[in-house]
1. List, largest first, the extents of the alpha carbons of the stretch 181-280 along their principal axes, each in whole Å.
2. At 1.4 Å probe size, what's the solvent-accessible area of Ile249? Round to the nearest 10 Å².
3. Around Ser192, what is the net charge, scoring Lys/Arg as +1 and Asp/Glu as -1 over all other residues with Cβ under 14 Å from its Cβ?
4. Report the gain in length on full extension from Lys194 to Glu207: 0.36 nm times residue separation, minus Cα-Cα distance, nm rounded to one decimal.
5. In percent, what relative contact order does the stretch 250-392 have, based on Cα pairs under 8 Å that are 6 or more apart in sequence?
6. What FRET efficiency do you get for Arg323 and Leu154 if R0 is 25 Å and r is their Cβ-Cβ distance, rounded to the nearest 0.05?
7. May I have the convex hull volume per residue, in Å³, for the Cα set of the stretch 148-225?
8. Enumerate the calculated ³J(HN,Hα) couplings along the stretch 170-184 in order (Karplus 6.51 cos²θ - 1.76 cosθ + 1.60, θ = phi - 60°), each rounded to whole Hz, writing x wherever the residue is Gly or Pro.
Amino acid sequence: MSLSWILRITRNGSHWFVSHRPSSYGLLLSNNSHSSTRKIHHQSSSLVEEQLDPFSLVADELSLLANRLRSMVIAEVPKLASAAEYFFKMGVQGKRFRPTVLLLMATALNVRILETETGSEGDALTTELRKRQQSIAEITEMIHVASLLHDDVLDDADTRRGIGSLNLVMGNKVAVLAGDFLLSRACVALASLKNTEVVTLLATAVEHLVNGETMQMTSTSEQRCSMEYYMQKTYYKTASLISNSCKAIALLAGQTTEVAMLAFEYGKNLGLAYQLIDDVLDFTGTSASLGKGSLSDIRHGIVTAPILFAMEEFPQLCSVIDRGFDKPENIDAALEYLGKSRGIQRTRELAAKHANLAAAAIDSLPETDDEEVRKSRRALVDLTQRVITRNK
């Protein structure tokens, strides 16, 4: 089933239309205010009537997953073992955002088994399904952490999650091998599910991570100044993993193609919103709150949404980008233009639109009377707002 979606951002009478299909992420400029667009979901749904703490709903399972992950990354070589478990140790597991989303999605989509199976047979099926969906959460987290280890080497980062990065502590070679080891463990766990469609989804996500990082490393001057290029790279680097994992959760639950695509839409738009706010926080946050250095992107020559939006108001900013950010005065000039622009505000607005699209996907799921399912769906909607209002 081909995926296409459109959203519109109005600015000074013009309309940015963002359209995406799995193989491409296009951005077109149009002045036709009557063009057909997908309506942005305004969260007036009953799904958001009750405020929930999404993380508390799956707290017990998160603890179970954390323990299982630590056991899964044990290696025969002591040095590799200590490196592989570096970000799975107590206190540095991170926000565990992705496992939380996937466990909530599992409950939100397990309607068919919950409603049609009864007695001990139904309990057994539900338990087995839940274990398989928990495996997706574990696999996704291993892939994510592996990508962080590799990214830190490529970026020569010295902090991650508020502590020294693994490449700083143990060296680049060990960090790369630890990432490779995590990917291999993820592959073994993925193969054990014996579901070729799910394997394809997660393998595609890994491919996208590589594509996105390569796009970032090899971009031309013109590409660095392109919002279209930036959004495609962002989808590959951040949104593809969570969107394909959400779809995998749906497929394991035996859901229809339409429901699986709604799960995909949720993950995709949530991931894009998350990264857009990350881009804002890189300019507005502190090193302590972010767990990494602030202004880290621009210091590494990475142009993100706030700067791209500022460039629309101040085209001369493009020449600053062309000169690079090796010199402090170029960074200062870019920040001055950003401060005079609506770049930060427009990035927040774009993140909010993607968050609304994610909430709309959950609101479009088939109705159910099961309270646990409904509660998980409310929590997934709540997460869309937490993503765009967070400060770290």
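The values are calculated or read from the model by the stated rules, or taken from the named source; none is laboratory data. Note that the coordinates shown come from a computational prediction; the quantities given were computed from them, not determined experimentally. Cβ: placed from backbone, ideal geometry, glycine included. Neighbour counts: every protein chain shown. Protein only, heavy atoms only, side chains kept; ligands, DNA and RNA dropped before computing areas. Shrake-Rupley method; radii C 1.70, N 1.55, O 1.52, S 1.80 Å.
1. Ordered largest first, the stretch 181-280 gives principal extents of 44, 32, 20 Å.
2. About 0 Å², ignoring ligands and nucleic acids.
3. Details: positive: Arg68, Lys131, Arg132, Arg185, Lys194; negative: Glu128, Glu138.
In short, +3.
4. Details: separation 13, 0.36 × 13 = 4.68 nm, distance 2.00 nm.
Residue separation times 0.36 nm, minus the Cα-Cα distance, leaves 2.7 nm.
5. Numbers: 149 pairs, mean separation 49.5, N = 143.
So the answer I get is 35 percent.
6. Details: r = 22 Å, r/R0 = 0.90.
Step by step, r from the Cβ atoms, then E = 0.65.
7. Here the figure is 116 Å³ per residue.
8. So the J values, rounded to whole Hz, are 10, x, 4, 5, 5, 5, 5, 5, 5, x, 4, 5, 4, 5, 5.
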